[in-house]
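Below: one structure, written as C-alpha cells.
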Amino acid sequence: MINCLIETRRTYMFIKYMNIKGLKKFKDFSINFNEHINVLIGENEAGKSTILEAIDIVLNQKIFNSTNNFEKYFNNENVSKYQQSPSIDTLPKIEIELCFSDEENLDFEYFNGLHSSFTPVPKSGIKFTYQFDENYRELLENMDEESYYETFIPTDYYMAEWVTFAGRKYINKKSPIKNILIDNSIRKNNLFDSYSKRIFNNNIDVADRQNLSYQFRKNIQNFVNENTEQLNIKDYNFGIDENKTVLENLLDLKSDGVSIQNKGKGKENLIKTEIALEVESDLILLEEPENHLSYINTRKLLQEIQNMCGAAQMIITTHNPLIVSRLDLRNTIWINNGKCHSLNSIPDETADYFMKTDNMQLLNFILAQKVILVEGNSEYILLPQLVKNSLTYTLEEKNIEILSGGGITYKHYIELTKVVKNTLLVITDNDGDLETIESIQKLNEEFNISGTNVHIKCSSSVKEFTFEVCLFNKNESNLRTISEIKPRTKAEYREVPYDKNLAYMLKNKTEAALRISEEILYKEIVVLPEYIQEGIKWLVQR
C-alpha cells in the first residue's frame, strides 16, 4: 500500500548517503537512506538523534554558526587520541558529507563536483567541516605548550566551513532540499515561535509572504493614521515599533481556534507532526513522533504518515515497535555500535505479517542479542523462574530476552533473525504430530549447515503434545496436589482421560503457570523439561 502511494507521488529530491566522521558517537560512520521512509532504531545513546542533528547541521548550518565552545561534539575516541599525543596534527575534527539524488532541478554547477569522499565521482552534495584553522598554526606553535596542549582543545582557533562538492561556499538559502525538523522528545522555550515561523516560510511562497507582510504593515499604519489624535501626548506622539511589526514573528499556530501551546502535550505533538507532513517539504525529520501519544493517537499519526509519505523523504527516530512494524520493516535502519544495518532484505511475507499484527515486541526482538521465542503465556510466565531452578544462572545474567510468539509465526521471526544476525531459540509444541517433530529436526539440520543462529526445540514424544504435559511429566511428584484448588476438576481433557492434576493444568494454563511461579509449594521446586534445558544451554553457548 505504501509503495503504491510513493510511486505515483514522488517528485522531490532526497538524501542518498551521509558520511559522519568525528561527531559524538560516530568516529567513522556511513549510512544509505531510502528514497521515501527511513525509520531509525537502536538502544538509547546509539546515535539516532545525532544523525538527524548532523543533517540539520549541514543543510541549515545549525549549531556551528557561532563562536561558542563546541568541544562536546567531538568523538571521545578522537579526543583521547589527542590527549595521549597532543599536537596540532592530532587535534580532533568533525566532518559530515551529504550526497543528494541527481534531480533535473538541481544546480549541478553549484553542487556537483569532486570535493567529497564518495566513490565513484562526481556526486552532488555538501560537505561540512569543523577543524583547526591552519592560519593559526604558527601562532599556536609559538605559544607555551602548556597554554593549550593537554589541558583543553583550542576551539578558539577552529573554523566551521560549508562547501558544496563543486568547491563552492554553501549558504543555507541555496539549500536544494526544503526541510523541517520536528523534535517531540524535548520542549524548548521558543519552540512555538520558531516552529510557526518555519511552517509559514515553508508553506507560503515568497510573493505571497511579501504581500501579506505589506498588507499587515499597511493596516497598522492605517490604524496609526486613524487614531493620531488619541496617540498624541503633549509634545510626543505614539507610533509602532517597526521591529515589532514583522508578521512572521507574531504568528501562532491554532487548531479549532486554540493555540497548540495551550493543548495537551500529546495533542501538541500530534498537531505539529500532522502540519509538518502537510508542508511542501522535500525532507521531514521526525524525532520520536510517538512521545506523549496514546496507542490510538499513535495509530492515527501513522496513518497520516502513510497517506503523506509520497510527498517527501522522511527520516524518523523511534523507540515504538508500532511505528517500526506499521511503516514496513524494510524501511528500518538499525543503529548499533557505530554501524547501521538496513532491514530492506526482509522477505515481503515477513514484513507484511508484522505490518498487520501491530507487534509490540518487535523492537525488543531486533535489539536483543539472544532471544527465546515461546508459544504461549505459560512458557512466558514460567521460564525465568524455572531456568533459575534448573540451571546455575538466570536469563538476565546471560542477557537473554524472552518473547511470546505463538504457532507458526516463529517462521517470520526466523526470517528476521537471518537479517539482524541475533541468536534465536524457538520453544514450540509438537501438537502430537510426528511429521512436525521430523520437520523441526530437518530444519535444525539446515540451520546447522548454513550457520544460521536458530534452533527449534520441541518434545520428541508425540504423547507430550504441549508444554503443560512435558512440565507435568518432569515434575509429577511435585505437582500431585495442584488440582486441589478446584476439587471438581474432571480427570480428562478434550474428552481424553488424564491424571486429574494434568487435566487441571491443561484446562487452566495461565492460572496454573501463575500459581507455579508464585506459590511457595512450587516456586523453587519445579524444573524445566529436558528439551527446554537443552535448548537454553545451546543458546548460552552461542
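Brief remarks on what is shown
- Every residue from segment 415-439 that is modelled with pLDDT of 95 or more, part of a helix (DSSP H, G or I) and of a type outside the set (S, T, N, Q): Leu434, Glu435, Ile437, Glu438
- Any chance Ala54 is under 20 Å from Ile335 (Cβ atoms) and at pLDDT 95 or above: yes
- Within segment 73-96, tally of residues that are in contact (Cβ under 8 Å) with a residue 40 or more places away in the chain and outside any loop (DSSP other than H, G, I, E, B): 11
The rows are residues; the columns are (1) touching a residue at least 12 places away in the same chain (Cβ under 8 Å); (2) of a type in the set (S, T, N, Q); (3) in a loop (DSSP other than H, G, I, E, B); (4) within 17 Å of Asn38 (Cα to Cα).
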{"site": "Val324", "(1), (2), (3), (4)": "yes, no, no, yes"}
{"site": "Ser345", "(1), (2), (3), (4)": "yes, yes, yes, yes"}
{"site": "Glu349", "(1), (2), (3), (4)": "yes, no, no, no"}
{"site": "Asn359", "(1), (2), (3), (4)": "yes, yes, yes, no"}
{"site": "Lys388", "(1), (2), (3), (4)": "no, no, no, no"}
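- Checking each residue in segment 326-343 for being assigned to a helix (DSSP H, G or I) and modelled with pLDDT of 85 or more picks out Leu329, Arg330, Asn331.
- Counting only residues that are more than 22 Å from Ala312 (Cβ to Cβ) and of a type in the set (A, V, I, L, M, F, W, C), segment 21-36 holds 3 of them.
- Test: residue in segment 434-446 that is of a type outside the set (Gly, Ala, Ser), within 24 Å of the chain's Cα centre (by Cα) and either exposed (fewer than 14 other Cβ atoms within 10 Å of the Cβ) or assigned by TED's automatic domain parsing to the domain that holds Asn475 (or both): no
- Only one entry of Thr428, Thr392, Thr409, Thr423 meets the criterion of being assigned by TED's automatic domain parsing to the domain that holds Arg515 and free of Cβ contacts under 8 Å to residues at least 12 places away in the same chain, and that entry is Thr392.
- Taking the criterion of being polar (S, T, N, Q) and part of a helix (DSSP H, G or I), the residues of segment 217-234 that qualify are Asn219, Gln221, Asn222, Asn225, Thr228, Gln230.
- Yes/no for Glu445 being among the charged types (D, E, K, R), without any contact (Cβ under 8 Å) to a residue 40 or more places away in the chain and at negative phi: yes
- Taking every residue in segment 455-484 that is at pLDDT 95 or above and pairing it with any residue that is part of a strand (DSSP E or B) and not β-branched (Val, Ile, Thr), at least 6 positions away or on another chain, the pairs with Cβ-Cβ distances below 7 Å are His455/Leu425; Lys457/Leu425.
The values are calculated or read from the model by the stated rules, or taken from the named source; none is laboratory data. These figures come from a predicted structure and were not determined experimentally. All Cβ positions, even for glycine, are placed from backbone atoms using ideal geometry, and neighbour counts span all protein chains on display.
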